[in-house]
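The values are calculated or read from the model by the stated rules, or taken from the named source; none is laboratory data. Since the model is a prediction, treat every value here as computed from it, not as a measurement. So basically every Cβ, Gly included, is an ideal-geometry build from the backbone, and we count neighbours across all protein chains shown.
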Amino acid sequence: MSPLPIIVLSLFSNPWADALVSFDEGIGGSPGYNIPEVALGEPSRFTGEDVWPCVVSPFNSPWLTDEIVSIGAGGSLVVSFDEPVQDDSTNPWGVDLLIFGNTGCIDNSYPNGIVGGVFSDDGGLIEVSQDGKQWIAITAELANGLWPTRGYLDSQPYDAVEGSVPSNFTLPVDPRLTLDDVMNLDNVALMNLYGSSGGGTPIDIAETGLPEISFVRISVDANSKLSPEIDGLADVTAQIIGDVNMNGTVDVTDLLALIESFGPLAIGGPLADFNGDLYVDVQDLLSLIGNWS
Ligand SMILES: [Ca+2]
Ligand SMILES: [Ca+2]
Ligand SMILES: [Ca+2]
Ligand SMILES: [Ca+2]
């Protein structure tokens, strides 16, 4: 068989939500933020062009009308993925899907970036579906929540020019991390906990019992006073077993990192647990060796 179909598929497949299914802006959403197509494609790395240009960082969330869409009371947004999002146990921490919004960290020491809480974490019920008809709610997370988006690995929180090293929008922040854990941290310490992740709300679809989903609905209660804003959705990339540093190969660097992290899997630490028990031990070591590049 010709390899061409595979090449064509890989050229056009991407981890982002692909199509808008429906949108009801509801009542009381942010005025002007009613273009639902902005939730498709890659989330924003840079915002405020021509007004107040700045990188997207945990302290500066995306805010332009061509970046985020607002869902008011009684409203909903439904998007679909061309390639189903799978409940994959080899995804980091079992997280399958990320939703990027406009949650930001309050800066207690502007412009130095000291976490003083978060703003614009406006909720939004998440439901998923295989066929766009039967829906199952996600109970563990709300759509517009933690963690704020980070566009670049080599930027300071308020840089007015784009960074040169994009963050990874298909790698979650450790879902065990809580807001309490990061209160009063500076940007460097916060970014250490992100690793190379670009943030987003981490969703494990395992709780639904569905093996994979193609549709995501984000909706707002008719009595809600909050209107979530959505920038994009991403299908998490699976981790190669043994590839602790996520560089695509399994070698001695990964082996040393795994040995160094023996014990409970540290929050924000190396991803050295390959059987999902959040503990790094000889089982994980054997998995790594068994998958040596
Ligand atoms: Ca999962
Ligand atoms: Ca967007
Ligand atoms: Ca590696
Ligand atoms: Ca383990």
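Does at least one position in segment 172-181 carry a residue that is surrounded by 16 or more Cβ atoms within 10 Å (Cβ to Cβ) and part of a strand (DSSP E or B)? Reasoning before the result, please.
Here is the first cut: in segment 172-181, the residues surrounded by 16 or more Cβ atoms within 10 Å (Cβ to Cβ) are 172-175, 177.
Remaining after also requiring part of a strand (DSSP E or B): none.
No; the residues of segment 172-181 include none that is surrounded by 16 or more Cβ atoms within 10 Å (Cβ to Cβ) and part of a strand (DSSP E or B).
Going by what's in this entry, would ASP231 be described as within 16 Å of ligand 2 (Cβ to nearest atom), closer than 19 Å to TRP147 by Cα and not aliphatic (A, V, I, L, M)? Let's see the steps before the verdict.
Working: within 16 Å of ligand 2 (Cβ to nearest atom): yes; closer than 19 Å to TRP147 by Cα: yes; not aliphatic (A, V, I, L, M): yes.
Yes; evaluated as a whole, the condition is true for this residue.
What number of residues within segment 217-244 are more than 16 Å from ligand 1 (Cβ to nearest atom) and surrounded by fewer than 17 Cβ atoms within 10 Å (Cβ to Cβ)? Full working, then the answer.
To start, the set of residues in segment 217-244 that are more than 16 Å from ligand 1 (Cβ to nearest atom) comprises 217-232, 240, 242-244.
If we keep only those that are surrounded by fewer than 17 Cβ atoms within 10 Å (Cβ to Cβ) as well, we get 221-223, 225.
Final tally of qualifying residues: 4.
Taking into account only those residues within segment 103-129 that are assigned to a loop (DSSP other than H, G, I, E, B) and of a type in the set (S, T, N, Q), which is nearest to the chain's Cα centre (by Cα)? Show your work before the answer.
Within segment 103-129, the subset assigned to a loop (DSSP other than H, G, I, E, B) is 103, 108-113, 120-122, 124.
Now restrict to residues that are of a type in the set (S, T, N, Q): 103, 108-109, 112, 120.
On the way: THR103: 12, ASN108: 24, SER109: 26, ASN112: 24, SER120: 16 Å.
Going through the qualifying residues, I end up with THR103.
For segment 250-261, which positions are part of a helix (DSSP H, G or I), more than 26 Å from the chain's Cα centre (by Cα) and within 9 Å of ligand 3 (Cβ to nearest atom)?
Pass one, segment 250-261, residues part of a helix (DSSP H, G or I): 252-260.
From the residues that got through so far, the ones that are more than 26 Å from the chain's Cα centre (by Cα) too are 252-253, 255-256, 259-260.
Within segment 250-261, just THR253 meets the criteria.
Scan segment 186-205 and give yes if some residue there is within 24 Å of ALA39 (Cβ to Cβ) and surrounded by fewer than 18 Cβ atoms within 10 Å (Cβ to Cβ), otherwise no.
Of segment 186-205, the ones within 24 Å of ALA39 (Cβ to Cβ) are 194, 196-205.
Now narrow it down to the ones that are surrounded by fewer than 18 Cβ atoms within 10 Å (Cβ to Cβ): 196.
Yes, there is a match, as at least one residue in segment 186-205 is within 24 Å of ALA39 (Cβ to Cβ) and surrounded by fewer than 18 Cβ atoms within 10 Å (Cβ to Cβ).
Quick check on this structure: which one of ILE218, ILE267, ILE205, ILE241 is touching a residue at least 60 places away in the same chain (Cβ under 8 Å), in contact with a helix residue (DSSP H, G or I) (Cβ under 6 Å, 6 or more places away or on another chain) and either assigned by TED's automatic domain parsing to the domain that holds ASP96 or among the β-branched types (Val, Ile, Thr) (or both)? So that I can check it myself, show each step before the final result.
On the way: ILE218 fails: in contact with a helix residue (DSSP H, G or I) (Cβ under 6 Å, 6 or more places away or on another chain); ILE267 fails: in contact with a helix residue (DSSP H, G or I) (Cβ under 6 Å, 6 or more places away or on another chain); ILE205 fails: in contact with a helix residue (DSSP H, G or I) (Cβ under 6 Å, 6 or more places away or on another chain).
The conditions single out ILE241.
It is to be established whether one or more residues within segment 127-134 are surrounded by 20 or more Cβ atoms within 10 Å (Cβ to Cβ) and closer than 16 Å to PHE100 by Cβ. Give the steps one after another, and end with the answer.
Step one: filter segment 127-134 for residues surrounded by 20 or more Cβ atoms within 10 Å (Cβ to Cβ), giving 128.
With closer than 16 Å to PHE100 by Cβ added as a condition, the list becomes none.
Checking segment 127-134: not a single residue is surrounded by 20 or more Cβ atoms within 10 Å (Cβ to Cβ) and closer than 16 Å to PHE100 by Cβ.
May I ask you to list the residues in segment 215-236 that are part of a loop (DSSP other than H, G, I, E, B) and closer than 21 Å to GLY132 by Cα? Lay out the reasoning, then the answer.
Within segment 215-236, the first condition is being part of a loop (DSSP other than H, G, I, E, B), and the residues that meet it are 220-228, 236.
Within segment 215-236, VAL220, ASP221, VAL236 qualify.
Got a sec? Which of PRO270, PRO264, PRO228 is under 19 Å from the mean Cα position of the chain (by Cα) and either of a type in the set (D, E, K, R) or within 16 Å of ligand 4 (Cβ to nearest atom) (or both)?
The match here is PRO270.
Condition check: over 27 Å from GLY72 (Cβ atoms) and at pLDDT below 95. Does ASN91 satisfy that? Steps first, answer last, please.
Working: over 27 Å from GLY72 (Cβ atoms): yes; at pLDDT below 95: no.
For ASN91, the condition - over 27 Å from GLY72 (Cβ atoms) and at pLDDT below 95 - is not met.
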